1. Determine whether region 416-437 contains at least one residue that is charged (D, E, K, R), assigned to a strand (DSSP E or B), surrounded by fewer than 20 Cβ atoms within 10 Å (Cβ to Cβ) and out of contact with any His (no Cβ under 6 Å at 6 or more places or on another chain).
2. Please go through region 328-384 and pick out each residue that is among the small types (G, A, S) and either on the phi > 0 side of the Ramachandran plot or not in a strand (DSSP E or B) (or both).
3. Looking at S507, S453, S514, which is the one that is modelled with pLDDT under 90 and either closer than 13 Å to A407 by Cα or in contact with a helix residue (DSSP H, G or I) (Cβ under 8 Å, 6 or more places away or on another chain) (or both)?
4. Does region 242-270 hold any residues that are in contact (Cβ under 8 Å) with a residue 40 or more places away in the chain, in contact with a Ser or Thr (Cβ under 9 Å, 6 or more places away or on another chain) and open to solvent by less than 20 Å² (accessible area, probe 1.4 Å), and which are they?
5. Let me spell it out: the conditions are (1) charged (D, E, K, R); (2) touching a Ser or Thr at 6+ places or on another chain (Cβ under 9 Å); (3) surrounded by fewer than 12 Cβ atoms within 10 Å (Cβ to Cβ), and R278 meets all of them except one. Which number is the exception?
6. Exactly one condition in (1) open to solvent by 40 Å² or more (accessible area, probe 1.4 Å); (2) out of contact with any Ser or Thr (no Cβ under 9 Å at 6 or more places or on another chain); (3) in contact (Cβ under 8 Å) with a residue 24 or more places away in the chain is not met by D337; state its number.
7. Please determine, by comparing only the residues of region 448-506 that are hydrophobic (A, V, I, L, M, F, W, C) and touching a Cys at 6+ places or on another chain (Cβ under 8 Å), which one is nearest to T315 (Cα to Cα).
8. Find the residue count for region 180-207, including only residues that are outside any strand (DSSP E or B) and open to solvent by less than 40 Å² (accessible area, probe 1.4 Å).
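The values are calculated or read from the model by the stated rules, or taken from the named source; none is laboratory data. Predicted model only: the values in this text are computed from it and were never measured. Positions of Cβ are backbone-derived with ideal geometry, glycine not excepted, and every protein chain shown enters the neighbour counts. Each accessible area value is taken on the protein alone, full model and side chains, heavy atoms only, with ligands, DNA and RNA left out. Shrake-Rupley method; radii C 1.70, N 1.55, O 1.52, S 1.80 Å.
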Amino acid sequence: MPELLGRMIAARQLTTTDARAFLAQHPPADALTEERVLRWLAHEYGVGYAALDELEPDKQVLSLFPARLLLRDELLPLRRADNYIEIATSRLFATQGLDGLKALTGLRLRPVLAPTEVIQREMKKRLGVGADTIDTLDDEAGLQVVDDENGTDNNLDEAAEDASIIRFVNQVLKDAIELRASDVHLEPFEDELRIRYRIDGILQEVPVPAQIKRFQPAIVARVKILSHLNIAEKRLPQDGRIKVRIEDAEVDIRVSIIPMLHGEAVVMRLLRQNSKLRGARDLGMGERELSCLERVLQLPHGIVLVTGPTGSGKTSTLYTALNEINDSERKIITIEDPVEYQLKGVNQIQVSEKSGLTFARGLRSILRHDPDVVLIGEIRDQETAQIAVQASLTGHLVFSTLHTNDAAGALTRLVDMGVEPYLVASSLEAVLAQRLVRLLCPHCRKIDTTPESRVYRTKLGIAPKADVYRAVGCRECRNTGYHGRRAIFEWMDSSSEIRSLILKNSSTDAIRDSARRAGMKTLSEDGRRLVEEGITTIEEVLSVTTVHEMESDKAAAEGRAAPATAAPAALPRSLI
């Protein structure tokens, strides 16, 4: 008997007799899914089948039942129909949960079938994260938050049976990790505590029970305990760290707590320690950028900078580069804040402002440890920049990050920080600017044939034969139309012409034009490549570049003057 039918029999979704009858009518070669079996079962027993995605939740009906019982038995009240209340379930033959609700409420209930995964997803959406936990808090007198940490790690799975507030915080963290969130935001307002996850760079609000606002102080206190922060201090910002393990995966959580008007707001950044580093070819670079990266990795000395805003994947790119040259012949030392990945064979230093270990102070000490390659997490000030330059001039290959809008801006930024132009010109080997764009969901993307799309295909120079796709939204991507992200790149080598421009204190525009003549592809051009490949949308590329940049790139490629004006405000509403 197929494995799926065996699992459904064990879960009391199906009887053995029904399983044999189903197989007799449906050859094993047919695609076998839980949905298909449940639809057949509904027809055989004369019960309804619910397409939950198409039903609007009736909040009044939901409020009639205790959330903890619904979640325990995976029963989802849907609506009133013919003096009955329809209850979605995936287990037609496990009647004890339905019987218990009947006895508790005295209501007439009627089961309708739906797949387990769909019920679980809809329950989380309609009842909110941690609804069963919040539902029990009203019955608990004298709630006390305690520190149960006995070591350096917290196992979320084992802690699930502890006190209600502890379980709620654990549920929020587990949910965020499972949804690939990079940040968790707990935001207090006058009448609500809002929880949002940042997924693929976009904040998405999480449904939570309405009464959660009452337990806001206890929830923040629990986060403080896990972060080893001062619970009594509520007037000053605090920063801490939590390390958790869930399903053999370690996650480092950086916690920031800031007092707001209606209470303390919490932001938790999730850093997955066990993430496998990809190879350089897996970064998604074009052939030119990849060959340039492979070339600079073999240099004996010099500075290589990666630029972009916070959260644009700079550190991941640098770690991938280090992993390519990490061998027994090179000594690699990094100084970072924080250490986001642990690389085997690489000496990594964690910056600690409290103890006085700054980037500059650590970097001076690093140079006495005879390194071949040095990674500086970020060049933040003049002192760090000057030490990095001196390190590159004394025979070290230095990698670092910088916050600039594009590759050309990194050169003038170093000069503005106080580094002498001749030092920048002699030490800087290359600059890589990057941004992250969301990838289209492969399950629901559709070819974009709108008039706006046709206009921008022509305006931005997209190949006529290339299919341009648009985001739609489906169950697989949580109705966003996107799943995952990829970087777009702008690689600028430090040529002799660019070095002379640096010595002359030339503008960023002049340096950029020189780099373009030398073959540099801009961020918008690389983004256009992904659009033509059907990987992302025009809207996504426009969200990290501008129409003016893209039109200027097209004009430069065609050897004519760039348009005089091309304001982003001219975008049609569908592309904003």
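1. Yes, region 416-437 contains a residue that is charged (D, E, K, R), assigned to a strand (DSSP E or B), surrounded by fewer than 20 Cβ atoms within 10 Å (Cβ to Cβ) and out of contact with any His (no Cβ under 6 Å at 6 or more places or on another chain).
2. S328, G345, S355, G356, A360, G362, S365, G377
3. Of the residues listed, the single one that is modelled with pLDDT under 90 and either closer than 13 Å to A407 by Cα or in contact with a helix residue (DSSP H, G or I) (Cβ under 8 Å, 6 or more places away or on another chain) (or both) is S453.
4. Result: I242, I253, A265, V266, M268, L270.
5. So the condition that R278 fails would be (3).
6. Every listed condition holds for D337 apart from (2).
7. Within region 448-506, the match that is nearest to T315 (Cα to Cα) is W491.
8. Within region 180-207, residues that are outside any strand (DSSP E or B) and open to solvent by less than 40 Å² (accessible area, probe 1.4 Å) number 4.
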